[in-house]
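Everything below concerns the one structure shown next.
The values are calculated or read from the model by the stated rules, or taken from the named source; none is laboratory data. As the structure is a computational prediction, the values presented were derived from the model and not from experiment. We place every Cβ from the backbone using ideal geometry, glycine too, and count neighbours over all the protein chains shown.
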Amino acid sequence: MSTREGFHHVALRAQNMQQTIDFYVKLGCSVIRSWGEGDKQGAMLDVGGGNILEIFAGGSEAAEEKPRFEHIALKSSDVEQDFANAIAAGAIEKTKPTEGNLGGALPIQIAFVIGPNQEVIEFFCEK
């Protein structure tokens, strides 16, 4: 029987491949592999902690009626700095850094931005 080991990666279709890679590199990610050309281009970025964001070219600029996923949540040790870095890299502010309790029992700090492909990115820190 196979043992579940967690996610290998989350995939995102980019409207502008190079702009998307540059954006995530400015957030501290690194390109670990890339392949193809044009609409067949792809890349995998290390987002830390053994987690990967896979990016594919060929995304549409048309807004989707329902997003493919709700958001990407990136673990953060400094939500305010990650939020500021994302804004400086061209993200759009969605929710400024805020503290709260998840389920009333887990103290957290979170912030949300909108990335270059209208993807929602959350910076998440357990306190």
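Listed here are the residues, each with its yes/no results for (1) in contact with a strand residue (DSSP E or B) (Cβ under 9 Å, 6 or more places away or on another chain); (2) surrounded by 13 or more Cβ atoms within 10 Å (Cβ to Cβ); (3) of a type in the set (D, E, K, R); (4) on the phi < 0 side of the Ramachandran plot.
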site: Glu61; (1), (2), (3), (4): no, no, yes, yes
site: Ala73; (1), (2), (3), (4): yes, yes, no, yes
site: Asp78; (1), (2), (3), (4): yes, yes, yes, yes
site: Asp82; (1), (2), (3), (4): yes, yes, yes, yes
site: Lys94; (1), (2), (3), (4): yes, yes, yes, yes
site: Leu106; (1), (2), (3), (4): yes, no, no, yes
site: Val113; (1), (2), (3), (4): yes, yes, no, yes
site: Ile121; (1), (2), (3), (4): yes, yes, no, yes
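For the subset of segment 75-103 comprising residues that are farther than 17 Å from Gly115 by Cα and either part of a helix (DSSP H, G or I) or polar (S, T, N, Q) (or both), which member is farthest from the chain's Cα centre (by Cα)? Break it down stepwise before answering.
From segment 75-103, those farther than 17 Å from Gly115 by Cα are 77-78, 98-103; that's our starting set.
Restricting the remaining residues to those that are either part of a helix (DSSP H, G or I) or polar (S, T, N, Q) (or both) gives 77, 98, 101.
Details: Ser77: 15, Thr98: 19, Asn101: 22 Å.
Looking at the filtered set, the residue picked out is Asn101.
Do we have Gly59 as in contact with a Lys or Arg (Cβ under 7 Å, 6 or more places away or on another chain) and touching a residue at least 24 places away in the same chain (Cβ under 8 Å) here? Can you show your working first?
Values: in contact with a Lys or Arg (Cβ under 7 Å, 6 or more places away or on another chain): yes; touching a residue at least 24 places away in the same chain (Cβ under 8 Å): yes.
Considered against the rule, which asks whether it is in contact with a Lys or Arg (Cβ under 7 Å, 6 or more places away or on another chain) and touching a residue at least 24 places away in the same chain (Cβ under 8 Å), Gly59 comes out as yes.
When you go through Gly38, Gly42 one by one, which is the residue that is surrounded by 13 or more Cβ atoms within 10 Å (Cβ to Cβ) and modelled with pLDDT of 90 or more? Outline the logic, then answer.
Numbers: Gly38 fails: surrounded by 13 or more Cβ atoms within 10 Å (Cβ to Cβ).
Unique residue meeting the criteria: Gly42.
Would you mention how many residues in segment 34-51 are in a strand (DSSP E or B) and on the phi > 0 side of the Ramachandran plot?
Quick first cut of segment 34-51, residues in a strand (DSSP E or B) only: 34-35, 42-48, 51.
Next, only the ones that are on the phi > 0 side of the Ramachandran plot stay: 48.
Of the residues in segment 34-51, 1 are in a strand (DSSP E or B) and on the phi > 0 side of the Ramachandran plot.
Tell me which of these Gln81 doesn't satisfy, since it passes every other one: (1) touching a residue at least 12 places away in the same chain (Cβ under 8 Å); (2) farther than 26 Å from Glu5 by Cα; (3) out of contact with any Gly (no Cβ under 7 Å at 6 or more places or on another chain).
(1) is the only condition that Gln81 fails.
Would you check which residues across segment 14-35 are in contact with a Pro (Cβ under 6 Å, 6 or more places away or on another chain) and surrounded by fewer than 19 Cβ atoms within 10 Å (Cβ to Cβ) and list them? Step through it out loud before you land on a result.
Kept after step one, since they are in contact with a Pro (Cβ under 6 Å, 6 or more places away or on another chain), are these residues of segment 14-35: 19-20, 23.
Passing the criteria: only Gln19.
Of the numbered conditions (1) of a type in the set (A, V, I, L, M, F, W, C); (2) surrounded by 15 or more Cβ atoms within 10 Å (Cβ to Cβ); (3) in contact with a strand residue (DSSP E or B) (Cβ under 8 Å, 6 or more places away or on another chain), Ala89 satisfies every one except a single condition; which is it?
(3)
Go through segment 1-47 and count every residue that is under 18 Å from Phe123 (Cα atoms), touching a residue at least 40 places away in the same chain (Cβ under 8 Å) and of a type in the set (S, T, N, Q).
Residues that pass the stated criteria total 1.
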